[in-house]
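Student: Structure in structure tokens, see below.
The values are calculated or read from the model by the stated rules, or taken from the named source; none is laboratory data. Model, not experiment: these values are computed from the prediction. Surface areas here come from the heavy atoms of the whole protein model, side chains and all, with no ligands, DNA or RNA. Shrake-Rupley method; radii C 1.70, N 1.55, O 1.52, S 1.80 Å.
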Amino acid sequence: MAPACPQCASPDHAVPVPQILTDPSIAPDARAPLAPPPAPQQDPVRQSTAATVLFSIGGALGVLGLFTEIHNSSADLSGYSDAYRTGYAIGPFVLPVILLVIALVLRSRSLARGQQAAAQLTYGQQMRWQQLQRVWQSGWLCRGCGVTFFPLGAVGPDSDPSPAIAPGQYHLWVATAVDRSYA
């Protein structure tokens with residue numbers, strides 16, 4: 001049995017809010033303000049600024065080392081030891097490699113922390129969205145007068161019935177009911 005509308009006191013025109021989404025007798029522009037709450041969207045994980053700076057510096061030093069190697073490739077090192085010649089050849093690339101390794105470590109740690117924080121935030125958002133869905137589904141629309149309402153005990157076991165709510169204010173009432181019952 002449908003609850004009575006608080007404005008016209010008639011239960012004959014009351015329809016659960018989820019049912020109006022598929023009801024062809026209700027105009028689409030009247031259904032739009034009563035659409036279900038949107039599902040939460042996960043924000044992208046931010047990249048580490050320090051890692052980006054180290055990648056840039058390491059890459060620039062690597063390119064500079066490459067140009068140095070090309071420029072000094074004709075240098076005569078025959079009078080020097082093998083260790084010196086090896087150091088002379090790979091020396092320009094040691095610092096860039098170290099910087100790039102540090103940047104990789106920073107980036108992986110930053111991504112791991114960001115993903116963990118996003119997962120915790122997403123869990124909280126998901127719980128709130130489920131609560132919004134539950135309250136949204138408990139509302140009714142009176143097709144006769146065009147108002148929405150929550151009957152006695154719809155939001156919670158001890159919740160009072162709501163007054164007539166304009167469809168444009170329905171989502172505000174849903175959010176307020178969630179905030180009051182789960183604060």
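Student: What angle, in degrees between 0 and 90 and rounded to the nearest 10, separates the Cα long axis of helix 49-71 from the longest principal axis of the Cα atoms of the chain?
Tutor: 30
Student: Calculated from DSSP H runs of 4 or more alone, at -39500 (n - 2.57) each and per residue, what is the 222 nm mean residue ellipticity of the chain, nearest 500?
Tutor: Roughly -18500 deg cm²/dmol at 222 nm, from the helical runs in the chain.
Student: Summarise the accessible area of the chain (1.4 Å probe, protein heavy atoms) by the percent that is carbon and sulfur.
Tutor: Accessible surface attributable to carbon and sulfur in the chain totals 62 percent.
Student: Amide H neighbours of residue 139 under 5 Å, at least 5 residues apart or on other chains, H built in the peptide plane: list them.
Tutor: 17
Student: Next question. Any chance you could run the full-extension gain for residue 21 through residue 70? It's 0.36 nm times the residue separation minus the Cα-Cα distance, nm to one decimal.
Tutor: Gain on extension, residue 21 to residue 70, equals 10.6 nm.
Student: Measuring with a 1.4 Å probe in the full set of protein chains, what accessible area per residue, in whole Å², belongs to the stretch 95-183?
Tutor: Averaged over the residues of the stretch 95-183, the accessible area is 60 Å².
Student: In terms of solvent-accessible area of protein heavy atoms at a 1.4 angstrom probe, what is the ranking of 71, 171, highest value first?
Tutor: In descending accessible area the options line up as 71, 171.
Student: If you compute Rg/Rh (Cα atoms, Kirkwood Rh) for the structure shown, which of (i) 1.48; (ii) 1.44; (iii) 0.99 do you land on?
Tutor: Read-out from the structure maps to (i).
Student: If you don't mind, there's one more thing I want to ask. Going by accessible area, probe 1.4 Å, with all protein chains left in place, what is the ranking of 149, 67, largest first?
Tutor: 67, 149
Student: Leaving ligands, DNA and RNA out of it, work out the accessible area of residue 150 with a 1.4 Å probe and give it in Å² to the nearest 10.
Tutor: 10
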